[in-house]
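Step one of this worksheet: look at the structure below.
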Amino acid sequence: MSDFFHDGWSIFIAVSTVVSLIACLALLAFASRRQPMAADNSTGHVFDGDLVEMNNPLPMWWVVLFVLTVLFSFVYVYFFPGLGAAAGSLGWTSRGELAADQARAAEAMAKIYAPYAAQKAEALSQDGKAMAIGQRLFLNNCATCHGSDARGSKGFPDLTDADWLHGGSPEKIAETITLGRTGVMPPMAAAVGTPADVRDVANYVLSLSGDPHNAISASAGRRKFAACAACHGAGGVGNQALGAPNLADKVWLHGWGEDAIAAIVEKGKTSVMPAQAGRLTPEQIHLLSSYVWSLSQIRRTVSR
Amino acid sequence: MSDPDLAAAPAMRPVIPIVADAESGSLYVSEAKIQSRAVSGWFATWRWLLVWFTQILFYGLPWLQWNGRQAVLFDLTARRFYIFDMVLHPQDVIFLAGLLILSAYGLFLFTAVAGRLWCGYACPQTVYTEIFMWVEHRFEGDRQARIKLDAAPWTVRKLARRGGKQAVWIAIGLWTGFTFVAYFTPARTLAAEVTSFGLGPWETFWILFYGLATYGNAGYMREQVCKYMCPYARFQSAMFDRDTLIISYDAARGEPRGSRRRGVDPASVGKGDCIDCTLCVQVCPTGIDIRKGLQYECIGCAACIDACDGVMDKMGSPRGLIRYATQNGIEKRWTRRQMWQRVFRPRVLVYGLVLVAIASAFVASLMLRAPFKADIVRDRGALARLVEGGRIENVYRVQLMNATEQVQRFRIEVEGLDGATLAGWSDVDLGPTEVRWVPLAVQLPAGAARSLGPGAHPMRFRIVLVAPAAADAAPDAARSLAERHEKSTFVVPR
C-alpha cells in the first residue's frame, strides 16, 4: 500500500534523492578544484581588524569517507526502498522485518514453554517456575479486568472462588481463554410479567441463597421463576453448559440486593470474555489456565 | 612572524602561526605520515606507568572472580551490572549519570591546572598508540630506519618486518576486542566459545569491530583521531587560561636558535639556548613544532620536553627550555614557585570544590543504597470492590527488586489509614537479583470506610526486608533489616 495519493510524489522523491546524491559529489569535485586561498594561505577575510581566516585543509581520508557515504547511498537505494515507491531489489519491508523478529521471538519463547506443554495442571501448580510464568501472563493479559489478584470486581468474575460460570476444570478454563465467552442474560420483563412480578422473582432469587428477603413476595415469585428455570435450572443452581450462573450461592457478579436483581431481570445483561487465541499461543494458554485453576484450588483448601 | 621577532618581543605572541604548505591552496590535502622518534625521560616514564596501570586494569579485570562470578560483568541480556559486591539494576542508571558528571568535572579540573593531561597520559587513543608504536619500533627500528623502510623496495626483509609488525598489531587488536566483549559475556565462557568456535554472531561482530577499531586507530589513524575526530582539541581553548600549565617553549631563552659546539656559552656567540636540532619535532606524535607556541594539535604528551631536556643535558645548558609553564609565567619570567601559586586560583578551587561535593555525594549514595527497591502500582481496571462483611477492598501490585545476591524475604504493612489491613499476605522470598510483581489487596471495614467518605484517601505501604527467621522461631520474631515507605491511595466508592 502506498502512502502517496498520486504517483507524481513517488517520482518527485526518487528524482530528488538521486539529484541530491549527485549534487553532493559535484560539490566535492567543485570545491576540490577551487583555489580560494591568497598567497599567505588565508581566505583574505579579516574580521575585527586582526582576525584572519586561515586555510586548514581537510585530510584526504575524510574526503574518501565522504565519497564512500555517497556511494553507500547509491548501493542502499538499490537494495532497499529509498526511491519513492520503489521496493528495492531485496524486497525489504518494515512489516516483513517485524514478522521475522516476531517469528524469532516466538521460537525463543517456544523453548521456554516446551517443557510444560505435556504436563497436567495438577503438576504445573506445584512447579514454582511455571506458576511464576503463569502469573506474569495473568498480570499482563488478564489483570486489567479480573484484577491483579484475580478476584475480579463487579461484572468481572472472581477466578479464585469455586464458582464457575462455564466450568472450572483446567480444560474448560483453557477453552474459555482460547475462544472467549459471551454471557447473555436476555431482558425477561415481558416473560415474567408486571414490575411487581419482577420484584417477586428477585425476592425468590434472594431466598435461594438464604439472603434476607420478603417471604410473601418470594413465594409469589416462585411460580414466575419458571421463565428463568429454563437456563438457571429448577432450583436456580445454574447450568455451566449454558454459562448460566448459580443463583443459589453467595456470589453476586452484577450486584447484590433486590434492586440489582430486578434491574438485571428487567433489562438483561451481555458480558463478554474476549477470545485470546490470536494473542497467546496454545502453550501460553495451557500455562495460564493451569495458573488460574491453581488459584481456585488454594482458596478451596483454605476454606475447607 | 619570523623568529628574530620572537626574541625581540616574547610577550607579543598571541597569534598561532600557521605556515603555508608548499603545495597549499587546496581545501583538501593528504596528511603526511608522521614517523615519531622514540623518546625516554621523566614524562615518558610516567606515560608508560599509566599505560601499564590502565591496561593491567582493562585486560585483567574480566579474569578476576568475585563471590563465584566475574567481579565486573555487565549482563545486558539479564539487565544486571555486577561490580564486585554491587548489583545494579537499570533503575540505577543515575549512578552512570553521576559517573559521567564526575568524569566531566575531573576533566575540567585537570585541564584548568595542567592542560591535556588526560590526552597525554591516559586516553586510550594515546595508550594504544604508544603500545602499537613500541611494537613498530621493535620490528622496524626507530624513526630514521622506518622512513628508510618506507622508501625501500619490497624485499623479503621488508616483508618480514612489516609482516611481523602486522601480526602483533592484529593480535593485540583481537585481544583487545576479546577483552571488551568479556565485560559483557563472562571471560571464561567467552574463552571457551572462542576455542570451540561457538561464538554468537554479536560476540563475533563486537570482537572483530572493537579489534579493528583498535588496530586502525592505534596503527594508522593515530594523531588524525586527535586532530579531526576528538572534539577535545576544539574546546580546549575554552578550558585553558593564562595560568594553565601547558607545554611551552621558552622563546626568550631559546632564540635566536642555531647550532653551536658543546660547552660554548650561547650568549658569547650571540645565540639562544635552542640549537635547532629539531628533536622536539621528531618526537612529536602529532608532528607539530612546539616552538611555534600552543597549537590545537598538541596533546600535551610532553615528549618534546623529554627530548629537549636530554639535548640540554648534553649541551651543558640547564633543562627546561621546553617545560610545563603557564603563559603568564613565560611572559613575566615567573619562577616555578610563582606559577604554582597561581594554580590555586578561583576557577580551580571552584572546580575542585564541585568535584569533591559530587564525589562525596556519589560515594555516599552508593554506600547508603538500599538492598532492595519497591514500587507500588494501583490496579486501575477496578478501583474498589465490596467483599464479605461490607468491607471495601482495593488491589495493588508491588514490584520488588532484590539488589543483592542473597535470598531476601519481604513483609508488607499498611500505614496511615486507620483500620486498613492487608488481606491474605504471606511473606515473599525473592531469589538473588530477582525482580517480581506481587499482587496484594487492602481491606477497610465498612464503618471505617463510611467515616472516611467516598474518594481517594492517601495511605502508605511499609515494605520491610526481614531477616529469615529460624524454622522453629515464631514468624513475628523476624527482625527488620531495611524498609521503605511507598505512597499510594485507597479508594472508597460512592
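The values are calculated or read from the model by the stated rules, or taken from the named source; none is laboratory data. In this text the structure is predicted, and so the values were computed from the model without any measurement. FYI the Cβ positions are ideal-geometry reconstructions off the backbone, even for glycines, and counts take in every protein chain you see.
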Out of (1) under 27 Å from the mean Cα position of the chain (by Cα); (2) surrounded by 17 or more Cβ atoms within 10 Å (Cβ to Cβ), the odd one out for A:MET188 is which? (1)
Looking at (1) closer than 30 Å to B:TYR220 by Cβ; (2) in contact with a Phe, Trp or Tyr (Cβ under 9 Å, 6 or more places away or on another chain), find the lone condition where B:SER103 falls short. (2)
Take B:GLY419 and tell me if it is within 14 Å of chain A (Cβ to nearest Cβ) and either surrounded by fewer than 16 Cβ atoms within 10 Å (Cβ to Cβ) or small (Gly, Ala, Ser) (or both). no
Whichever residue in the stretch A:91-150 is in a loop (DSSP other than H, G, I, E, B) and within 12 Å of chain B (Cβ to nearest Cβ) and, among such residues, is nearest to A:GLN276 (Cα to Cα): A:CYS142
Tally, over the stretch A:185-214, of residues that are part of a helix (DSSP H, G or I) and not acidic (Asp, Glu): 16
From the residues in the stretch B:357-399 that are away from every other protein chain (no Cβ under 13 Å) and either assigned to a strand (DSSP E or B) or more than 31 Å from the chain's Cα centre (by Cα) (or both), which one is surrounded by the fewest Cβ atoms within 10 Å (Cβ to Cβ)? B:ASP375
Which residues, taken from the stretch B:223-267, are of a type in the set (Gly, Ala, Ser) and either assigned to a helix (DSSP H, G or I) or free of Cβ contacts under 8 Å to residues at least 40 places away in the same chain (or both)? B:ALA233, B:SER237, B:ALA238, B:ALA251, B:ALA252, B:GLY254, B:GLY258, B:SER259, B:ALA267
Residues of the stretch B:27-51 classified as within 20 Å of B:GLU136 (Cβ to Cβ), within 14 Å of chain A (Cβ to nearest Cβ) and small (Gly, Ala, Ser), total: 1
Starting from residues that are of a type in the set (Val, Ile, Thr) and loosely packed, with under 15 Cβ neighbours inside 10 Å, keep the ones in the stretch B:84-108 and report whichever is nearest to B:MET401 (Cα to Cα). B:VAL93
Complete set of residues in the stretch A:185-213 that are farther than 27 Å from A:GLY168 by Cα and without any contact (Cβ under 8 Å) to a residue 12 or more places away in the chain: A:ALA190, A:THR194, A:ALA196, A:PRO212
What are the residues in the stretch B:255-282 that are closer than 15 Å to B:GLY310 by Cα and touching a Cys at 6+ places or on another chain (Cβ under 6 Å), if any? B:CYS280
Just checking, how many residues over the stretch B:419-461 are among the hydroxyl-bearing types (Ser, Thr, Tyr) and within 30 Å of B:THR77 (Cβ to Cβ)? 1
So, A:ALA39, is that one more than 9 Å from chain B (Cβ to nearest Cβ) and either more than 21 Å from B:GLN295 (Cβ to Cβ) or modelled with pLDDT under 85 (or both) or not? no
Search result, residues across the stretch A:90-128 that are of a type in the set (Ser, Thr, Tyr) and not assigned by TED's automatic domain parsing to the domain that holds A:HIS286: A:THR93, A:SER94
If I ask for residues that are in contact (Cβ under 8 Å) with a residue 40 or more places away in the chain, assigned to a strand (DSSP E or B) and of a type in the set (A, V, I, L, M), which ones from the stretch B:409-429 would you list? B:ILE412, B:VAL414
Can you tell me which residue in the stretch A:42-72 is farthest from the other protein chains (Cβ to nearest Cβ), limited to those that are surrounded by 13 or more Cβ atoms within 10 Å (Cβ to Cβ) and in a loop (DSSP other than H, G, I, E, B)? A:ASN55
Single condition B:PHE74 does not satisfy, out of (1) under 17 Å from the mean Cα position of the chain (by Cα); (2) within 22 Å of B:THR185 (Cα to Cα); (3) free of Cβ contacts under 8 Å to residues at least 60 places away in the same chain: (3)
On the basis of being part of a loop (DSSP other than H, G, I, E, B) and closer than 30 Å to B:TYR105 by Cβ, does B:PHE344 make the cut? yes
Selection from the stretch A:248-295 of residues that are closer than 23 Å to A:GLU171 by Cα and without any contact (Cβ under 8 Å) to a residue 60 or more places away in the chain: A:GLY278
